[in-house]
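Just below is one structure, and these are the notes that go with it.
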Amino acid sequence: MCGIVGAVATRPVAEILLEGLRRLEYRGYDSAGMALCSEGEISRLRRAGKVQALADGLAELPQQGTTGIAHTRWATHGKPTETNAHPHMSGESLAIVHNGIIENYEPLREMLKSQGYIFGSETDTEVVAHLLDHLLKTGITLIEALKQAITQLEGAYALGVIHADQPDQLLAARKGSPLVVGVGIGENFIASDQLALLPVTDRFMFLEEGDIAQITTTQIHIFDRQGTPVERSISQFEHGQAAAEKGEFKHFMLKEIYEQPEVMKRVLEGRISNGHLLEQAWGVTASDVFDRTERVQIVACGTSYHAGMIARYWIESLVGIPCQVEVASEFRYRDVVLSKDTLLITLSQSGETADTLAALREVKERVLASLAICNVPGSSLVRESELALMTNAGPEIGVASTKAFTSQLVALLMTTLILARRKGLDGAKEQQIVKELQALPALIDSLLEMDTAVAKMSEAFAEKHHSLFLGRGSLYPVAMEGALKLKEISYIHAEAYPAGELKHGPLALVDKDMPVVAVAPNNEMLDKLKSNLQEVRARGGELFVFTGCGQSIQNEQGVTTLTLPPVHPLLEPLAYTIPLQLLSYHVAVLKGTDVDQPRNLAKSVTVE
Ligand code: F6R
């Protein structure tokens with residue numbers, strides 16, 4: 001995780017770097033720091049805590065520094081203290097920022113200690129600073145030192161490097177952690193994410209695995225992992241500036257919940273002709289791959305995993321082929337049995353999640369093909385997969401995923417339809433489902449009208465410490481996602497169960513202090529679910545039921561129901577997700593937690 005930003009310009013860069021850090025804070029906010037090069041000297045400021053703590057002390061740095069690097073940290077090695085904060089320095093002249101993990105830092109540290117280097121932090125990063133300095137002592141240039149240093153590093157890194165003796169130069173390198181070069185006019189930048197640099201540029205170069213960049217105000221030289229000079233194309237940022245701002249909303253999470261009708265349109269845009277899906281949208285080899293797909297393996301983490309679990313219901317019922325779903329952190333370390341007719345689908349909003357990427361790398365040679373369903377076009381997952389379908393949700397800043405999740409669901413349902421064609425889904429049925437998908441923006445608009453009622457419901461949760469979420473069928477993963485949202489941002493312990501499992505153990509937890517949320521559309525599972533809810537009522541548990549029109553669960557003492565508008569059965573998981581997002585949001589607001597940046601978490605999990 002961690003966010004890095006760097007600049008080389010002819011104007012002072014402190015404010016540019018600070019704004020970059022504010023925009024990268026979603027990647028970690030344990031500490032923040034900045035180093036600026038001015039008049040042949042490097043000055044550094046670091047603070048434990050959020051970027052605001054750094055901003056409060058910024059006057060202590062020379063205001064005229066025109067080259068600099070900055071960092072916001074998500075601690076992996078060493079506590080979130082000021083001494084462990086980046087930038088790390090070797091001597092007075094060299095400063096670096098790092099995102100990732102140097103796995104062989106211990107032997108490197110021992111080697112460097114034996115050379116007389118004294119370590120001031122507990123981080124893995126500091127070895128890189130001293131290693132560079134050690135190599136510089138052999139008389140080579142800074143860029144040569146960086147080229148040599150990375151050959152000695154194992155693990156993942158995105159690095160930014162500055163040196164007092166070369167104040168007009170910013171160096172960068174990446175392997176396993178994201179890094180973009182922002183191309184300006186008479187000034188250039190680096191950052192972990194394009195968002196950080198939107199106030200200063202909308203043109204970006206995506207560094208590839210193993211790339212090193214040597215950047216001045218007017219030139220960007222890139223070298224690949226063999227050290228050969230290479231060109232990397234420049235692409236324009238597609239989403240407007242507003243995407244990175246809260247606008248009229250109190251939190252990014254709420255803004256992103258409300259963006260969902262627009263996002264639903266964007267996922268479908270350019271992918272439908274005459275009511276049919278255009279399979280070229282998945283990639284040039286898509287037709288051939290889908291023709292030969294006989295089973296599907298989905299791999300993802302967290303919220304993306306829940307999207308995968310929902311897709312399993314769709315794929316097995318509409319396509320009629322087996323579909324397995326697994327969390328990437330387990331999948332990558334298991335002796336997985338895969339066949340050559342398996343389509344591997346990786347799901348990730350960021351496209352940089354370390355476990356999901358590792359799972360892809362581990363098995364991609366053993367499957368028919370890999371398809372990434374992702375929200376970030378230049379991400380590692382997309383680049384390393386044979387096929388890709390972008391979810392086009394736009395930047396998601398709130399750490400708790402909302403619009404990225406629902407856009408993944410649409411992309412997964414589209415993929416299901418494409419596969420189902422091969423297994424006899426007739427054109428008329430496809431057209432009918434596509435029509436339902438096209439009606440999603442209006443459906444979500446009407447679901448958002450439940451906001452006030454959901455906010456009222458949330459009052460019953462704010463003082464509670466635990467809660468249960470129940471669902472059946474494809475609504476069970478929706479319950480899991482609802483529980484994850486609640487625990488993430490309100491810190492209330494929330495568990496999800498398939499409602500039929502209740503009596504096999506969790507029913508023992510139910511009493512008046514355990515609110516039980518049920519997602520209960522009016523479908524063929526409703527009668528079963530109702531019996532499960534009776535079991536809760538009989539034990540004094542208070543029920544909060546999201547349900548469909550025309551069913552018979554009544555509001556009464558201990559049972560609060562909210563009725564959703566009619567929904568096509570395939571779209572129930574999408575629809576029932578929306579009120580659960582609102583519920584967790586309002587509970588968190590009532591509890592006064594940090595909604596967009598909940599404790600201990602980060603948006604993009606680029607470490608194992
Ligand atoms: C929860 C959340 C996380 C992510 C998970 C995977 O709200 O956002 O659970 O879903 O860290 O991230 P991606 O989708 O980027 O691979």
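Report, in debye and to the nearest 20, how large the dipole of the chain comes out about its Cα centre when Lys and Arg carry +1 and Asp and Glu carry -1 on their Cβ.
880 debye
Under a 1.4 Å probe, what is the accessible area of the chain per residue, stated in Å²?
Numbers: 22700 Å² over 608 residues.
Value for the chain: 37 Å² per residue.
Does anyone have the angle between helix 14-24 and the longest principal axis of the chain? Alpha-carbon axes, 0 to 90°, nearest 10?
30 degrees
Can you tell which of Ala75, Leu17, Pro498 lies farthest toward the positive end of the dipole of the chain, using +1 and -1 charges on the Cβ of basic and acidic side chains (Lys, Arg; Asp, Glu)?
Towards the positive end, the residue furthest out is Pro498.
Within the stretch 547-570, whose backbone N sits under 15 Å from a point 7 Å along Cα→Cβ of Gln534?
Only 552-554 fall inside the zone, counting backbone N under 15 Å.
Please give the length that would be gained between Lys464 and Gln324 if that part of the chain were fully extended, namely 0.36 nm times their separation in residues minus their C-alpha to C-alpha distance (nm, one decimal).
Details: separation 140, 0.36 × 140 = 50.40 nm, distance 3.55 nm.
Separation in residues times 0.36 nm, less the Cα-Cα distance, equals 46.9 nm.
To the nearest 20 debye, what charge dipole does the stretch 512-608 have about its Cα centre, counting +1 at the Cβ of each Lys and Arg and -1 at the Cβ of each Asp and Glu?
Working: 8 positive and 10 negative charges, 34 e Å.
Its charge dipole is roughly 160 debye.
Which percent of the Cα-Cα distances in the chain go past 38 Å?
Numbers: 64989 of 184528 pairs.
Considering the chain, 35 percent of its Cα-Cα pairs are separated by more than 38 Å.
With r defined as the distance between the Cβ atoms of Ile185 and Gln236 and R0 fixed at 22 Å, what FRET efficiency is calculated, to the nearest 0.05? Display every interim value, and only then the final one.
Working: r = 14 Å, r/R0 = 0.65.
The calculated FRET efficiency here is 0.95.
Size of the dipole of the stretch 228-312 about the Cα centre, Lys and Arg at +1 and Asp and Glu at -1 on the beta carbon, nothing else charged, in debye to 20? Could the numbers behind the result be given before it?
Numbers: 10 positive and 12 negative charges, 53 e Å.
That gives a dipole near 260 debye.
Among bridges DSSP assigns within the chain, what percent are antiparallel (round to 5)? Walk me through the numbers before you get to the answer.
Details: 64 of 105 bridges.
Roughly 60 percent of the beta bridges in the chain run antiparallel, per DSSP.
Within the stretch 195-289, which GluC sites (Glu not before Pro) sit in a loop by DSSP and count at most 11 neighbouring Cβ atoms inside 10 Å? It would help to have the intermediate numbers written out before the result.
Working: sites: Glu208, Glu209, Glu231, Glu238, Glu245, Glu248, Glu256, Glu259, Glu262, Glu269, Glu279; in loops: Glu208, Glu209, Glu231, Glu238, Glu245, Glu248, Glu259, Glu269.
Those satisfying the criteria are Glu231, Glu248, Glu269.
Could you tell me how many cubic angstrom of Cα convex hull volume the stretch 301-389 has per residue? Don't skip to the end; give the middle numbers.
Numbers: hull volume 7.7 nm³, N = 89.
With only Cα atoms used, the stretch 301-389 gives 86 Å³ per residue.
How much length is gained on full extension from Lys137 to Glu122, taking 0.36 nm per residue of separation minus their Cα-Cα distance?
Full extension from Lys137 to Glu122 adds 3.0 nm.
At a Förster radius of 41 Å, what calculated FRET efficiency corresponds to the Cβ-Cβ distance of Arg292 and Arg203, to the nearest 0.05? Can you show the working numbers first?
Values: r = 39 Å, r/R0 = 0.96.
With a Förster radius of 41 Å, E is 0.55.
Among Tyr26, Ser90, Ser114, flag the residue with its Cα farthest along the positive direction of the charge dipole of the stretch 1-115, charges on Cβ as +1 for Lys/Arg and -1 for Asp/Glu.
Tyr26
At a 1.4 Å probe, what is the % contribution of carbon and sulfur to the accessible area of the stretch 68-161?
Numbers: 1750 of 3490 Å².
Accessible surface attributable to carbon and sulfur in the stretch 68-161 totals 50 percent.
Which percent of the accessible area of the stretch 450-608 is formed by carbon and sulfur heavy atoms (probe 1.4 angstrom)? Let's see the in-between values first.
Numbers: 3100 of 6190 Å².
So the carbon and sulfur contribution to the accessible surface is 50 percent.
Counting only the backbone N, which residues of the stretch 98-114 are under 15 Å from the spot 7 Å out from the Cα of His221 toward its beta-carbon?
Once the point is set 7 Å along Cα→Cβ of His221, nothing inside the stretch 98-114 turns out to lie under 15 Å by backbone N.
Could you give the nm distance between label points at Thr151 and Ala428, where each point is 7 Å from its Cα heading toward the beta carbon?
6.8 nm
What is the set of long-range amide H partners of Ile140 at a cut-off below 5 Å, with H atoms built 1.01 Å from backbone N?
HN-HN under 5 Å from Ile140: empty list.
What area, in nm² and to one decimal, does the C-alpha convex hull of the stretch 182-240 cast on average over all directions?
Working: hull surface 15.9 nm².
Computed as one quarter of the Cα hull surface, the answer is 4.0 nm².
As an exercise, take the mean of 1/r over every pair of distinct alpha carbons in the stretch 358-461, invert it, and state the Kirkwood radius in angstroms. Show your work: numbers first, answer last.
Working: mean 1/r = 0.0604 Å⁻¹.
Computed over Cα pairs of the stretch 358-461, the Kirkwood hydrodynamic radius comes out at 16.6 Å.
Taking 0.36 nm per intervening residue step and subtracting the Cα-Cα distance, what contour gain separates Asp527 from Gln438 on full extension?
Working: separation 89, 0.36 × 89 = 32.04 nm, distance 3.02 nm.
Here the answer is 29.0 nm.
How far apart, in nm, are two points set 7 Å out from the Cα along the Cα-to-Cβ line at Gln115 and at Lys512?
Taking the simple label geometry, Gln115 and Lys512 are separated by 6.9 nm.
Quantify, in whole percent, the carbon and sulfur part of the accessible surface of the stretch 208-356 (1.4 Å probe; protein heavy atoms only).
Values: 3240 of 6860 Å².
Looking at the stretch 208-356 in its full context, I get 47 percent from C and S.
Would you please give the FRET efficiency between Asn600 and Gln52, computed as 1/(1 + (r/R0)^6) with r the Cβ-Cβ distance and R0 = 25 Å, to the nearest 0.05? Can you show the working numbers first?
Values: r = 19 Å, r/R0 = 0.74.
With R0 = 25 Å, the Cβ-Cβ based efficiency is 0.85.
Take the alpha-carbon centre of the stretch 35-112, take the same for the stretch 528-548, and report the distance between them in whole Å.
Cα centroid to Cα centroid, the span is 53 Å.
What nm value, rounded to one decimal, do you get for the distance between Glu245 and Glu501 when each label is placed 7 Å out toward the C-beta?
A separation of 4.5 nm, rounded to one decimal place.
Of the chain, which part is the longest with no trypsin sites (Lys or Arg not before Pro) in a loop (DSSP not H, G, I, E, B) and with at most 12 other C-beta atoms within 10 angstrom? Write out the running numbers ahead of the final one.
Values: sites that count: Lys137, Lys250, Arg334, Lys340, Lys423, Lys512, Arg599.
Between exposed loop sites, the widest span is 1-136.
The values are calculated or read from the model by the stated rules, or taken from the named source; none is laboratory data. All values reported here derive from a predicted model rather than from experimental measurement. Don't worry about glycine lacking a Cβ; one is built from the backbone with ideal geometry, like all the others, and counts go over all protein chains shown. Keep in mind that these areas ignore ligands, DNA and RNA; they rest on the heavy atoms of the full protein, side chains included. Shrake-Rupley method; radii C 1.70, N 1.55, O 1.52, S 1.80 Å.
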